[in-house]
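A short worksheet on the structure shown next.
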Amino acid sequence: MFCLEPRKPSLCKSEALTNERARATLSVLKGVIVSCYGPSGRPKQLHNGLGGHVCTTSQSSALLGNLPVTHPILKILTTSVQNHVSCFRDCGLFTAILCCNLIENVERIGLTPTTAIKLNKHLLNLCTSYLKSEACGCRIPVDFSSTQILLCLVRSILTSKPACMLTGKETDHISALILRAFLLTVPESTEENVILGQSIIVPLKGQRVTDSTVLPGLLIEMSEVQLRRLLPIQKSSALKVALFCTSLSGDFPDPGEGSMVVSYGVSLENAVLDQLLNLGRQLVSDHVDLVLCQKVTHPSLKQFLSKHHIIAIDRVGVALMEPLSRVTGAQPIGSLDSISSSSYGNLKDLCFAKFGSKHFFHLNPNEATICSLLLCNRNDTAWDELKLTCQTALQVLQFTIKEPWVLLGGGCTETHLAAYIRHKTHNEAESILKDDGCTQAELQLMTEAFCSALESLAGSLEHDGGEILTDMKYGHCWSVQADSPSVVNWSDLLSQCGCGLHNNQEELSWSFLRSSGNSFAPQTCFPHAAKDSTSNLTVDCLTAKLSGLQVAIETANLILDLSYIIEDKN
């Protein structure tokens, strides 16, 4: 017998962030995320104690997706970051670290949550207004007549993911392929509402990274035995294509709880096969050259089509149905009844291709914005990480078409923005406080906490014990190796700033990042300086970083505003 236990009352906890366990768990999560941040970040290996899949990554999407969290505050934070990454794919670690920094700094200065949240919103508005303004000194326009800035953007994304295990030569090769794949998805027409195409990533593991390539159209993997059975099509004109999203196997649909009535003497198998062969006769009479089926095709129908020199490819899978429809222009056919002539599509040609040990059908369209990125890497783990990184880069390039700007990377945007916010609040405190009911002392405390959170992000890029400096002219981020002399001419140790825009040949003065609380107006030197350095710049996606900034601050405000946590213990 089973004994029913009475339900336990829910547990209600007040003052969520003053709890030592909450602070400790937040600190642990921050430590894990910070250690993954940037080109020299340390990848993490995630697996459970019972075995199963092992994930080696430094990407926020894989990290947070495989990292179980139980504390309610951590769930809020990780869910917010995951929602951001699902939309923008980039700047997930940036968002999580900034949120943690801001929560810790606000707790340390002791402002009331209401005051901190109110001032946080003002500082966020200052940041977004500045980053979107023409006067912004840390963003660069994207010139689409040249590929330099776009290549810098892709290369910056690749180098920030060390688990991809790419050399410099391999990074350059993959960067060029990603950019080429992206450009193949941009239609040649200049209509007002441009619809971008799609890049399909095709796996080829265990091969050299430099064997990766991009082809227009689609690659469908086939076995060598299947290829030998199929006849090549010799035709000077376009190939006519039929695309089926229903099964052509002749299986009966499941009647569920109902029943199927069959007349005496009627063979269901023969009836269905006759229907399939009638379909085949229509395809022959309509001069179809290629039949593509999402599911299984009956062997008799395959034999019939092959006899009439029609290639039949089945089991293409649901993931390729939309790309196939866009490549061929065919409408997916969902029944075995008579086919409308408008459902057919066409291809420029169909050929066989071999890459490594794999064989493919290559569907080459007349005009389409679909391409195949054949992606190679040494092993499964490195390939999985490289695939995620390539998907991020392709998504970021799409955002760059909508907003043709990039932000300086390498921590320079964070330190420059912190310098701007300090100067702005120092000189325009009265206008900021006009309707808030906050004091100038509270504004200065919150400004320092906010700017320190941004600067700590730049400091998180250093993982080898080095020091981070900032120059007092442009507000850029500079890194010094560990064990450098404490009293020295900094220009002898510093080669260039984090983004690569400025070098030590300029007359600059520096100070340690955590001691640079002095207010100064950071200058800019665009656009000519950027043009001279475009091949070496480290840059970030403006759209993704703006969203990450907003999500981080709004999530921090939400957590700071928590008064109670109610947990169901049943």
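The values are calculated or read from the model by the stated rules, or taken from the named source; none is laboratory data. Just so we're clear, the structure is a prediction, and the values are computed from it rather than from any experiment. Cβ: placed from backbone, ideal geometry, glycine included. Neighbour counts: every protein chain shown. Surface accessibility is based on the protein's heavy atoms, side chains included, excluding ligands, DNA and RNA. Shrake-Rupley method; radii C 1.70, N 1.55, O 1.52, S 1.80 Å.
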Suppose each label sits 7 Å from its Cα in the direction of the beta carbon; what would the residue 429-residue 309 distance come out to in nanometres?
8.7 nm
When the helices in the chain are scored as -39500 (n - 2.57) per DSSP H run of 4 or longer and the sum is shared across all residues, what 222 nm value do you end up with, to the nearest 500 deg cm²/dmol?
-13500 deg cm²/dmol
Among (1) 225; (2) 238; (3) 142, the entry matching volume of the Cα convex hull per residue in Å³ as calculated here is (2)
For the stretch 174-185, 3J(HN,Hα) per residue [Karplus equation, 6.51 cos²θ - 1.76 cosθ + 1.60, θ = phi - 60°, Hz, x = Gly/Pro]:
5, 4, 5, 5, 4, 5, 5, 4, 5, 5, 5, 8
Per 0.36 nm of contour for each residue apart, how much would the distance between residue 335 and residue 224 grow if the chain were fully extended, relative to their Cα-Cα spacing?
36.9 nm
Rounded FRET efficiency, nearest 0.05, which uses the C-beta distance separating residue 45 from residue 20 and R0 of 22 Å:
0.15
State to the nearest 20 debye the size of the charge dipole of the chain about its Cα centre, where the only charges are +1 on K and R beta carbons and -1 on D and E beta carbons.
1160 debye
Kindly report the accessible area of the chain per residue (heavy atoms of protein chains, probe 1.4 Å, no ligands, DNA or RNA), in Å².
49 Å²
Additional length obtainable on full extension of the chain from residue 568 to residue 128, 0.36 nm per residue less Cα span
154.5 nm
Which order do peptides 6-12, 151-157, 364-370 fall in by mean Cβ count within 10 Å, highest first?
151-157, 364-370, 6-12
Sequence order, the stretch 538-550: Karplus ³J(HN,Hα) from phi using 6.51 cos²θ - 1.76 cosθ + 1.60, θ = phi - 60°, Hz rounded, Gly and Pro as x, gives 9, 9, 10, 6, 4, 4, 5, 6, 4, 5, x, 4, 5
Roughly how many Å is it from the Cα centre of the stretch 136-153 to that of the stretch 104-122, as a whole number?
36 Å
Virtual paramagnetic centre 7 Å along Cα→Cβ of residue 238, amide N under 17 Å, in the stretch 348-377:
348-351, 363-370
Using packing as a proxy for protection, rank 502-512, 296-306, 539-549 so that the peptide with the highest average count of other Cβ atoms within 10 Å comes first.
539-549, 296-306, 502-512
Residues in the stretch 314-353 that a label on residue 249 would reach, taking backbone N under 14 Å of a point 7 Å out along Cα→Cβ
314-318
Quickly rank 388-401, 93-106, 432-445, 117-130 as a protection proxy: mean count of other C-beta atoms within 10 Å, highest first.
93-106, 388-401, 117-130, 432-445
Beyond 18 Å between alpha-carbons counts as too far, so tell me which of 132/473; 240/295; 402/545; 295/354; 132/402 fall in that bin.
132/473; 240/295; 295/354
Solvent-accessible area, 1.4 Å probe, carbon plus sulfur percent, for the chain
50 percent
Spatial separation of Cα centroids for the stretch 444-473 and the stretch 378-412, in angstrom
24 Å
Note on the chain, DSSP bridge orientation, antiparallel percent to nearest 5 equals 70 percent
Distance in nm between label sites at residue 143 and residue 362, each 7 Å beyond Cα in the beta-carbon direction?
3.5 nm
The answer for the net charge of residues other than residue 7 whose Cβ lies under 10 angstrom from its Cβ, with Lys and Arg +1 and Asp and Glu -1, is 0
